Amino acid sequence: MRILVLNGPNLNMLGVREPDIYGRRTYADLVSFVKETAVRLRVEAEVRQSNHEGELVGWIQQALGTADAIVINPAAYTHTSVAILDALKAVALPAVETHLSDVSAREPFRRVSYAGMACLKTFAGLGFEGYARAMEYLVDFADGMV
Ligand code: DQA
């Protein structure tokens, strides 16, 4: 199983950016965590990050035929991007949304998720663990367990 793990804007700043909210671990630490999780789950994971909406849209489109499932943390584009929602709907691959922070407990504008409307499930507020939960969910989904 090939899982494409996409990260949106400013997630490359992990470790530096608002550590009270996002913690002190870096984006490189996140990539390592996802790769270790992939080994544990016996899946392949490709991890990418972009600060550009169109690049994320392009990667979602390219997933058709090259990936079996998508984990996405669209970051700020979660709350603004109909283009990412439409791309997820266009490829119709099983997708799970994850957020490091508990978006439901922050500013009101973070309560809306466009991408989430095309996702099977959302994990939020679990830090890196949310990525593992999302990958586990997609493996279970592929096995018909959920
Ligand atoms: C985030 C939450 C978003 O609201 C925010 O814009 C981010 C990160 C998270 O992982 O908690 O950049 O997606």
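The values are calculated or read from the model by the stated rules, or taken from the named source; none is laboratory data. Here the structure is a predicted model, which means the values were calculated and not measured. Here Cβ is always computed from backbone atoms with ideal geometry, including for glycine, and neighbour counts include all displayed protein chains.
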message: Just to be sure before I move on: is VAL71 over 13 Å from the mean Cα position of the chain (by Cα) and closer than 27 Å to ILE21 by Cα in the structure I sent?
response: no
- request: Report yes if GLU18 is modelled with pLDDT of 95 or more, among the acidic types (Asp, Glu), out of contact with any helix residue (DSSP H, G or I) (no Cβ under 6 Å at 6 or more places or on another chain) and within 11 Å of the ligand (Cβ to nearest atom), otherwise no.
  value: yes
query: Can you tell me which residues in the range 108-146 are over 22 Å from ASN12 (Cβ atoms) and of a type in the set (Asp, Glu)?
result: GLU136, ASP140, ASP143
statement: Scanning the range 65-83 residue by residue, the ones that are in contact (Cβ under 8 Å) with a residue 40 or more places away in the chain and not charged (D, E, K, R) total 12
- prompt: Are there any pairs, at least 6 apart or on different chains, whose C-beta atoms fall under 7 Å, with the first in the range 117-129 and more than 22 Å from LEU88 (Cβ to Cβ) and the second small (Gly, Ala, Ser) and within 15 Å of the ligand (Cβ to nearest atom), and if so, which?
  reply: GLY127/GLY23
message: I need a count of the residues in the range 105-138 that are of a type in the set (D, E, K, R) and touching a helix residue (DSSP H, G or I) at 6+ places or on another chain (Cβ under 7 Å).
response: 4
- line: In the range 48-78, anything aliphatic (A, V, I, L, M) and farther than 13 Å from ALA132 by Cβ is listed as LEU56, VAL57, ILE60, ALA63, LEU64, ALA67, ALA69, ILE70, ILE72, ALA75, ALA76
- line: Taking first residues from the range 1-17 that are more than 12 Å from ALA28 (Cα to Cα) and second residues anywhere that are in a loop (DSSP other than H, G, I, E, B) and of a type in the set (Asp, Glu), the pairs with Cβ under 9 Å that are 6 or more apart or on different chains are MET1/ASP68; ARG2/ASP68; ILE3/ASP68; LEU4/ASP68
message: So, restricting to strands (runs of 3 or more DSSP E) that lie completely within the range 43-146, which ones have at least 1 residues that are away from the ligand (no atom under 16 Å from the Cβ) and of a type in the set (Gly, Ala, Ser)?
response: 44-49, 69-73
